[in-house]
Amino acid sequence: DTGVSQNPRHKITKRGQNVTFRCDPISEHNRLYWYRQTLGQGPEFLTYFQNEAQLEKSRLLSDRFSAERPKGSFSTLEIQRTEQGDSAMYLCASSLEGNRYGYTFGSGTRLTVV
Amino acid sequence: GENVEQHPSTLSVQEGDSAVIKCTYSDSASNYFPWYKQELGKRPQLIIDIRSNVGEKKDQRIAVTLNKTAKHFSLHITETQPEDSAVYFCAATIANAGGTSYGKLTFGQGTILTVHP
């Protein structure tokens, strides 16, 4: 399967701890997006990259959140000092400029903050 | 920014019936409208999309219509089957003129579709 890969699939952490998630997009895709989805809601945009440049960040992305895509390939999303309200599914997606097929989503990382 | 409203939040139909899900958007600049199906615990999967230069698109049992003037678009599923049961999300974004570059997606709240055998 050469789709979008996310690790870990599940993460349980204690409040106040830092967590980091990884997303490996489809290899030729130059755009990478992060979304957050809570139960019963649609995905909410967090941020996206074109190659290594972070082009847009949502106001949902507080100072505790940081995302990187250092070499324009995989991306990491770090949450510092986690809070219970951070519990959600974190979805990554990728797309290719010049491709009319839109986004491909990963299976997500489910974060539970206890 | 863009705001997408989706209705109904739940939809229950008998196998073989049709199902219709409706969405409205607020930003007249939006020009790409995908629909995603998400099964429990799985990734959203694109099932059909429409661009603002067409009013309707059909793919087998699934069709999408777009009314740019009213800023609403709808998903139509005919001859529903139990395997169509899932959460369906509409979304909107601004794509470039060639439809090959996409910004962030704004999603609706989702519709839980249940198809009873």
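Since every read-out is calculated from the coordinates, none of them should be taken as a lab result. Given the structure is predicted, the values throughout are model-derived calculations rather than measurements. Virtual Cβ from ideal backbone geometry, glycine too; neighbours counted across all protein chains shown.
What residues have an amide H closer than 5 Å to that of A:Gln41, excluding those fewer than 5 places away on the same chain, when H is modeled at 1.01 Å from N in the peptide plane?
none
Work through the residues other than B:Asp17 whose Cβ is under 15 Å from its Cβ and net out their charges, Lys, Arg +1 and Asp, Glu -1.
-3
Please identify, among A:Leu96, A:Leu61, A:Leu39, the residue showing maximal mean-square fluctuation in a Gaussian network model of chain A using a 10 angstrom Cα cutoff.
A:Leu39
Can you tell me which of A:8-15, A:43-50 comes out highest on packing, and rank the rest after it, using the mean Cβ neighbours within 10 Å?
In decreasing order of mean packing, A:8-15, A:43-50 become A:43-50, A:8-15.
Counting every Cα pair in chain B, what percent are over 21 Å apart? Working shown, then result.
Numbers: 2194 of 6786 pairs.
Of all Cα-Cα pairs in chain B, 32 percent lie more than 21 Å apart.
How far apart, in nm, are the 7 Å Cα→Cβ label points at B:Thr69 and A:Gln80?
5.4
Please state the relative contact order of chain A as a whole percent: Cα pairs under 8 Å, 6+ residues apart?
Relative CO of chain A lands at 37 percent.
Let me have the relative contact order for region B:1-115, percent, based on Cα pairs under 8 Å that are six or more residues apart.
Computed value for region B:1-115: 36 percent relative contact order.
Work out, in µm²/s and without decimals, the Stokes-Einstein translational diffusion coefficient of chain A at 37 °C, 0.692 mPa s, Rh from Kirkwood over C-alpha pairs.
The estimated diffusion coefficient comes to 233 µm²/s.
Taking the DSSP beta bridges in the protein assembly as shown as the whole, what percent of them are antiparallel, to the nearest 5?
Antiparallel: roughly 90 percent of the beta bridges in the protein assembly as shown.
Loop-only check: which GluC sites (Glu not before Pro) in region B:1-87 are DSSP coil with at most 15 other Cβ within 10 angstrom?
For GluC sites (Glu not before Pro) across region B:1-87 that sit outside H, G, I, E and B with at most 15 neighbouring Cβ atoms in 10 Å, the list reads B:Glu15, B:Glu39, B:Glu79.
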